[in-house]
Amino acid sequence: MDNPARSRRSRSAVLQAALAIIARDGPGRLTLEALAREAGMSKGGLMHQYRSKAAVLQALLEHQLDYFDGFHREQQAEMGDGHPETHLAADLATAREASSMPRSVAFAILAAAAEEPGMLSVIRDRAAERLAGIRAEAADPDLATLRWLAAQGLVHGMLLGVSPLAAEERERLFARLMDAEQWRRGPPP
């Protein structure tokens, strides 16, 4: 195996180890020593890939953002150019996907925010870009914004563990948010 492939594999092992530690022990237990032990490598080998805990958290955040950006692009491609609310529909589908992720991802983001609050600026910037695209294509920008914010609330409540909704109810609400026809004709009687 060549060095770049070995390095990619090591970096991936560290990220998976970080998620495992966060899910099992909580973000407060994420240390370089624990990461090295969980990933099955020396601390020196770990530090060759990531110089600090903040670097690991940044990589976790980027990994998740890359995943959701790819998912969003796939959703837009599946809808095609003829869909009237491509940006909103893709973002609602992405939020629905995020709500199905393990809470360890949320813990990783919270750990990143606690370690370095500036790391969250990339999330805020992407959200602003997405919302601008949603508003630009919407016949009713305020309604589109409300639907988007409702989806964000469903995701954040679930990820933070504060949502009183069961998964089935959350799924039903996502389906309703994603039903564009329903929003054009108004609420059911």
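The values are calculated or read from the model by the stated rules, or taken from the named source; none is laboratory data. Owing to the predicted nature of the structure, the values given are computational and were not obtained by experimental measurement. Cβ atoms come from the backbone with ideal geometry, glycine included; neighbour counts cover every protein chain shown. Keep in mind that these areas ignore ligands, DNA and RNA; they rest on the heavy atoms of the full protein, side chains included. Shrake-Rupley method; radii C 1.70, N 1.55, O 1.52, S 1.80 Å.
Restricting attention to the range 27-35, does a residue exist that is surrounded by 17 or more Cβ atoms within 10 Å (Cβ to Cβ) and either closer than 18 Å to E129 by Cα or acidic (D, E) (or both)?
Within the range 27-35 (the criterion being surrounded by 17 or more Cβ atoms within 10 Å (Cβ to Cβ) and either closer than 18 Å to E129 by Cα or acidic (D, E) (or both)), the answer is no, since none of the residues qualifies.
Identify the residue in the range 119-142 that is open to solvent by less than 50 Å² (accessible area, probe 1.4 Å) and at pLDDT 90 or above and, among all such residues, is nearest to P84 (Cα to Cα).
Among those that are open to solvent by less than 50 Å² (accessible area, probe 1.4 Å) and at pLDDT 90 or above, it is A138.
Scan (1) at pLDDT 90 or above; (2) surrounded by fewer than 19 Cβ atoms within 10 Å (Cβ to Cβ) for the single condition R24 breaks and write down its number.
Status for R24: all satisfied but (1).
If R170 satisfies every condition in (1) open to solvent by less than 50 Å² (accessible area, probe 1.4 Å); (2) basic (K, R); (3) over 14 Å from S99 (Cβ atoms); (4) in contact (Cβ under 8 Å) with a residue 60 or more places away in the chain but one, which is the exception?
(3)
So, Q16, is that one open to solvent by 80 Å² or more (accessible area, probe 1.4 Å), more than 14 Å from the chain's Cα centre (by Cα) and among the polar types (S, T, N, Q) or not? Give the derivation first.
Numbers: open to solvent by 80 Å² or more (accessible area, probe 1.4 Å): yes; more than 14 Å from the chain's Cα centre (by Cα): yes; among the polar types (S, T, N, Q): yes.
Here the answer is yes, as Q16 does meet what is asked.
What are the residues in the range 64-84 that are buried (at least 18 other Cβ atoms within 10 Å of the Cβ) and more than 15 Å from L120 (Cβ to Cβ), if any?
Selection gives H72, Q75, Q76.
Collect the residues in the range 129-166 that are touching a residue at least 60 places away in the same chain (Cβ under 8 Å) and either more than 20 Å from M79 (Cβ to Cβ) or touching a Ser or Thr at 6+ places or on another chain (Cβ under 6 Å) (or both), keeping them in residue-number order.
V155, L159
Residue pairs, Cβ under 6 Å, 6 or more apart or interchain, first in the range 56-83 and closer than 30 Å to E33 by Cα and free of Cβ contacts under 8 Å to residues at least 12 places away in the same chain, second in a helix (DSSP H, G or I) and open to solvent by less than 30 Å² (accessible area, probe 1.4 Å). List them.
Within 6 Å, no pair qualifies.
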